[in-house]
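Please read the structure below before turning to the comments.
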Amino acid sequence: MRKFTENNASFDSTGNTVQAALADLVGTYDLLGKQLLNEEGKLRSFLKVYVGDEDIKALDGVDTALKEDTVLSIIPAIAGG
Amino acid sequence: MQITSKAIFPGINLSEKAKKIIFEDAQKTYPHECCGFFFGKQIEGRRQITEVLVVDNSVQENRARRFEITALDYMRAERKAIEEDLDLLGVYHSHPDHPAIPSSHDLAVALPFFSYVIVSVQKGEVNHWRSWQLDEGGLFAEEKERHNK
């Protein structure tokens, strides 16, 4: 994904929810948006978002609240056969 | 179904240390598939692999034909890359008793940018390995082994 973020591995956001932080991210790197989000603006199915060590699916999804020092990770599914 | 193309990538070099770790994992895990990450630097497009992170195959069924890596292990790999000032350049896995050619399932779940090293293990012994990367058209093209001068 770094070729869409000017090779930056991390991004500081002031968004106070996962949704707001993702909007902040794709608003900054617009080419990244097509990689992360589908036509409906939802996160692509092969990606997971973690807040700390917790999948947001086990929290409040994209409405999960973020504190100032929370680390949010966007993780691609790695699999094969 | 077309899986591979003739696109050309600059090549990949696995250090002897990296090969040893990957091959040992492939043999130890046989007859199941092993998996892990590798790290290094990309110089003029050519990938120099120096470090490996072995992880568990988290798939529960058909482990001889499938692998999955957990999100937490992926985060470990990203952290290792940052801490050691290396790039996370790809994923390896083994093909027990099959050649090191990507399957249609490999293609269906592959990500761009990553190198996919596949190790063929025949009757418990490493037979050969090959590396693949998605081309612009979304097919796997081979990334040839290039030895350092």
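For segment B:83-96, a tally of residues being open to solvent by 70 Å² or more (accessible area, probe 1.4 Å) and in a loop (DSSP other than H, G, I, E, B) returns 2. Total residues in segment A:5-34 satisfying the condition of being open to solvent by 70 Å² or more (accessible area, probe 1.4 Å), in a helix (DSSP H, G or I) and closer than 16 Å to A:Leu66 by Cβ: the figure is 1.
I want to confirm something. Restricting to segment A:46-64 and keeping residues that are open to solvent by 70 Å² or more (accessible area, probe 1.4 Å) and farther than 17 Å from A:Leu25 by Cβ, which single residue is farthest from the other protein chains (Cβ to nearest Cβ)? Among those residues, the one meeting the criterion is A:Asp60.
Has segment A:71-80 got at least one residue that is over 30 Å from B:Lys41 (Cβ atoms), modelled with pLDDT of 90 or more and open to solvent by 40 Å² or more (accessible area, probe 1.4 Å)?
Within segment A:71-80, none of the residues are over 30 Å from B:Lys41 (Cβ atoms), modelled with pLDDT of 90 or more and open to solvent by 40 Å² or more (accessible area, probe 1.4 Å).
Taking residues in segment B:1-14 that are open to solvent by 30 Å² or more (accessible area, probe 1.4 Å) and part of a loop (DSSP other than H, G, I, E, B), and partners anywhere that are among the acidic types (Asp, Glu) and modelled with pLDDT of 95 or more, the pairs with Cβ atoms closer than 7 Å and at least 6 places apart or on different chains are B:Ala7/B:Asp135; B:Phe9/B:Glu143. Condition first: open to solvent by 60 Å² or more (accessible area, probe 1.4 Å) and within 12 Å of chain A (Cβ to nearest Cβ). Can you find one or more residues in segment B:118-129 that meet it? No: segment B:118-129 contains no residue that is open to solvent by 60 Å² or more (accessible area, probe 1.4 Å) and within 12 Å of chain A (Cβ to nearest Cβ). Restricting segment B:56-82 to residues that are more than 7 Å from chain A (Cβ to nearest Cβ), under 21 Å from B:Leu107 (Cα atoms) and among the hydrophobic types (A, V, I, L, M, F, W, C), the residue that is surrounded by the most Cβ atoms within 10 Å (Cβ to Cβ) is B:Val59.
The values are calculated or read from the model by the stated rules, or taken from the named source; none is laboratory data. If you're wondering where the values come from, they're calculated on a predicted model, not measured in any experiment. All Cβ positions, glycine included, derive from the backbone under ideal geometry; neighbour counts span all protein chains shown. All accessible areas refer to the heavy atoms of the entire protein, side chains included, with ligands and DNA or RNA removed. Shrake-Rupley method; radii C 1.70, N 1.55, O 1.52, S 1.80 Å.
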